[in-house]
Amino acid sequence: MKRSIFALLLLAVAPIFVFGSALPAWEHVGQKTGISRALGTKEFTFENPRSTCAVNDTCDLIRIIFRTEDHMLPVDPLVEDDVVMQSTHLFAGLATSDIAALTRYSFVQFTRGCMWHSYLNDKNEVETEFGVLRDFLGITRIQHVFPNWVIDTSDTDPAYGTVPAFGDRHYSLQHAEVIPSWIPDRQGKLFGEERPVIPFGYVTDTTGPAFYRPTSKSAENMSLEFRMCVFKTADVPLVTNGTDLDSKKALTCFEWESKSVFEHFLLEFKRQKNINAECARPFNAREENYRQYRLKEGGRALPSK
C-alpha cells in the first residue's frame, strides 16, 4: 500500500518505530518494547531456478525473500484518548550476483479491498463511511476502495515506491551492510543516495493502521489483500492506468493481507478470511460527490468500482 509522496519523503528520513539505538536492528517489530506484540508472521523465499535462468535472461537474480508480520499495539492507559491499533509490516528483498544487476528488477505491488470508518450512532447502531483516503495514480486523497485488483501506486509509475521528483525508479530501494534477518525496525539506506556494499536491495510496506478509539466508539477498519511481485524492469512500463500490467507475467509474486475489522458489540478486532462485504457496497451520495470531486481535480478516471 504505497504512501503519498509526502509520506514517502517522510519515511525516507524517519524509522517505522524508534525505540533507542541500543536495540538490535532485526528483531520482530512486535517485540521491541513488550508493549507492541506480534500476532503472526509469514515468510517465503523464491530461489531463481538455474535450469531456466538462461532462457529467461535472469541468471544474475539469485533469490527473492518475502516476510510479513501482523502486530497489535494496545491502548496505553497513560495516554489520553489513546487507541488500540493493528497493522501489518512487509519486507521484500532481492539478491543478485552483483550490485548493478539490482536495477534490472523492479517490485510491483497489486492490491484489492478497502478501508473505512465505523462508529456507533445514538441508536446504538453501527454506521460506516468510506472516509479513509490515499493517493492513487496521481490523484490525491481518494477513498481507499478497490474491490478489484489494481496496481498499488500513488503516482502513474507502476514500479513500487517510486517518487517522481527523484527521477530514478530505484532511488527508494533500501539496503544495508548485511541482509536483514527479519523486518528492519528502521529505514535503510537509499539506493539513490548511496550505492549498496552487497548486492541486495529491499522494499518495505506498512498497512493502515486499523484502530479503535474507546472514547468516541469509532474505528478505522481495513480489509486488504496484496500481491507483491518482481518483474524485469524492462517489462514494467513507465506509466500505468492501474490495470494494464498482468501479475501472471511476473518472475514471482507473494500473496499477503491485512484484515482487521472492529466488532463494536464485541469490542474486538476480527481477522476475516475473505474481503469484507463493505468493500463492495455502493458509495452513498456524499461519498460519490467527494469521489467525483477528487477525480475532476485529478483530471482522470479510475478503474471502475
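Miscellaneous remarks
- The chain: angle of helix 285-298 to the longest principal axis, Cα-based, in degrees nearest 10: 30
- Filtered trypsin sites (Lys or Arg not before Pro), the range 257-291: DSSP coil and at most 14 other beta carbons within 10 Å: 271, 273
- Spin-label model distance (nm) - residue 234 vs residue 44, 7 Å beyond Cα toward Cβ: 2.6
- Ordering 133, 79, 62 by Cα displacement along the dipole of the range 32-137 toward the positive end leaves 62 in first place; charges were set at the Cβ atoms of Lys, Arg (+1) and Asp, Glu (-1).
- Nonlocal amide H pairs with residue 136, under 5 Å, H built at 1.01 Å: 141, 142
- Modelled this way, with points 7 Å down the Cα-to-C-beta line, the labels at residue 274 and residue 289 are 3.4 nm from one another.
- Modelled spin-label separation between residue 126 and residue 82, with each label point placed 7 Å from Cα along the Cα-to-Cβ direction: 2.6 nm.
- For residue 189, nonlocal amide neighbours, meaning residues 5 or more places apart or on other chains whose placed amide H falls under 5 Å from its own, are 175.
- Net charge dipole, the chain: roughly 520 debye, given to the nearest 20, about the Cα centre with Cβ charges of +1 for Lys and Arg and -1 for Asp and Glu.
- Alpha carbon centroid spacing (whole Å) that separates the range 65-129 from the range 139-173: 16
- Based on C-alpha pairs under 8 angstrom that are at least 6 apart in sequence, the range 185-305 has a relative contact order of 22 percent.
- The chain: most fluctuating residue of 264, 170, 71 per GNM, C-alpha cutoff 10 Å: 264
- Likely footprinting exposure, 293, 212, fewest C-beta neighbours within 10 Å first: 293, 212
- Separation of alpha-carbon centers, the range 226-245 and the range 181-221, rounded to whole Å: 21
- Put in line by how crowded their Cβ is, counting other Cβ atoms within 10 Å and starting with the fewest, 166, 191 read 166, 191.
- Answer label for log10 I(q)/I(0) by the Debye sum over Cα atoms at q = 0.10 Å⁻¹ (calculated), chosen among (i) -0.58; (ii) -0.87; (iii) -0.64: (i)
Values quoted throughout were computed directly from the atomic coordinates according to the rules given, and no laboratory measurement underlies them. What you are looking at is a predicted structure, and each value in this text was computed from that prediction instead of being measured. Cβ atoms come from the backbone with ideal geometry, glycine included; neighbour counts cover every protein chain shown.
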